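Following: one structure in structure tokens, then a few remarks.
The values are calculated or read from the model by the stated rules, or taken from the named source; none is laboratory data. Since the model is a prediction, treat every value here as computed from it, not as a measurement. As a convention, Cβ positions derive from the backbone with ideal geometry for all residues, glycine included, and neighbour counts pool all protein chains shown.
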Amino acid sequence: MNIKEKVAYITGGSKGIGLGVAKALLDQGMKVAISGRNQESLAAAKQSLGNSKNILEIVSDVSVFQDEVNAIETIITKWGQLDVVLANAGVGHFAPIYEMGEDQWNQMINTNLNGVFHTLKASFGPLKESEGYYITLASLAGTNFFAQGAGYNATKFGVVGFTQAAMLDLRKYNIKVSTIMPGSVATYFNNNEPSEKDAWKIQSEDIGQIVIDLLKMHPRTLPSKIEIRPTRPDLK
């Protein structure tokens, strides 16, 4: 795919991985819409990206299907096309299953799992027209279970399975579908504050480079599931 002037939509794009990927795509000459639930965070993200005319910020909660329908309509109205979607929005709560609240469980299911369905369902028409690319941001937690991760594991295992099945559904329309499964990433996820102590982790710009590599790959080839780990774990 020649990606210059292509249009991308990134959910959860106001910080962390989403923001890092947005910057990478903008640097490649793409137009990028970012969504999130907070207008102030989106405005700050746009400012951090240079307030470019190629950035569109959209308030949307991926757990609400109509929000995603409205987001896609906004993008099409502004730019007339949609070529790439990164379903990145996610949330995590970690506790033994007997301590996890129903509200925490439901928030993860509604955001992490229902959200990827809503985003794909809303964007299918434009992606079919452009023969575009749909990418989900899963996690190594989508294949490796761990204590206190039952809720998060359930959603990320689900995202991986959803994406792989969607790939089989959509490839007949020449829509490419992949899932990216990072390990430890230096982001604000789970109340982390990125700092020098996170230098050993995957950086958000590394995920951005992977997305670019996917988009530029020859259309005959599809890396459908990509696992990513830090080269070396924290040795402290």
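Restricting to region 81-124, give me the number of residues that are assigned to a helix (DSSP H, G or I) and closer than 16 Å to Ile10 by Cβ.
Total meeting the criteria: 9.
Would you be able to tell me the number of residues in region 50-76 that are part of a loop (DSSP other than H, G, I, E, B), touching a Leu at 6+ places or on another chain (Cβ under 8 Å) and at pLDDT 95 or above?
1
Which of the residues belonging to region 4-20 are among the small types (Gly, Ala, Ser) and either part of a loop (DSSP other than H, G, I, E, B) or farther than 17 Å from Met30 by Cα (or both)?
Across region 4-20, the qualifying residues are Gly12, Gly13, Ser14, Gly16.
Filter region 53-97 for residues that are touching a residue at least 60 places away in the same chain (Cβ under 8 Å) and among the aromatic types (Phe, Trp, Tyr); which is farthest from Lys23 (Cα to Cα)?
The extreme case among them is Phe94.
Could you please find all residues in region 62-81 being within 17 Å of Glu5 (Cα to Cα) and either polar (S, T, N, Q) or surrounded by 15 or more Cβ atoms within 10 Å (Cβ to Cβ) (or both)?
Ile75, Ile76, Thr77, Trp79, Gln81
Please go through region 1-17 and pick out each residue that is β-branched (Val, Ile, Thr) and closer than 20 Å to Ala138 by Cβ.
The answer is Ile10, Thr11, Ile17.
Tell me, please, whether a residue that is over 18 Å from Thr111 (Cα atoms) and not aliphatic (A, V, I, L, M) can be found in region 19-26.
So far as region 19-26 goes, yes, one or more of its residues are over 18 Å from Thr111 (Cα atoms) and not aliphatic (A, V, I, L, M).
Would you confirm whether any residue within region 144-160 is without any contact (Cβ under 8 Å) to a residue 60 or more places away in the chain, closer than 28 Å to Met30 by Cα and of a type in the set (S, T, N, Q)?
No, the conditions are met nowhere in region 144-160.
Considering only residues that are buried (at least 24 other Cβ atoms within 10 Å of the Cβ) and aliphatic (A, V, I, L, M), look in region 83-102 and name the one that is farthest from the chain's Cα centre (by Cα).
Taking the candidates together, the pick is Val84.
What do you reckon, is Ile55 farther than 18 Å from Phe117 by Cβ and in contact with a Lys or Arg (Cβ under 9 Å, 6 or more places away or on another chain)?
The answer is yes for Ile55.
Looking at region 192-206, I want the residues that are over 17 Å from Arg232 (Cα atoms) and have a partner that is modelled with pLDDT under 85 and of a type in the set (S, T, N, Q) with Cβ atoms under 8 Å, at least 6 apart or on another chain. Which pairs are those?
From region 192-206, the pairs are Pro194/Thr187.
Which residues, counting only those in region 163-188, are surrounded by fewer than 22 Cβ atoms within 10 Å (Cβ to Cβ) and in a helix (DSSP H, G or I)?
Answer for region 163-188, where residues must be surrounded by fewer than 22 Cβ atoms within 10 Å (Cβ to Cβ) and in a helix (DSSP H, G or I): Gln164, Ala165, Ala166, Met167, Leu168, Asp169, Leu170, Arg171, Lys172, Tyr173.
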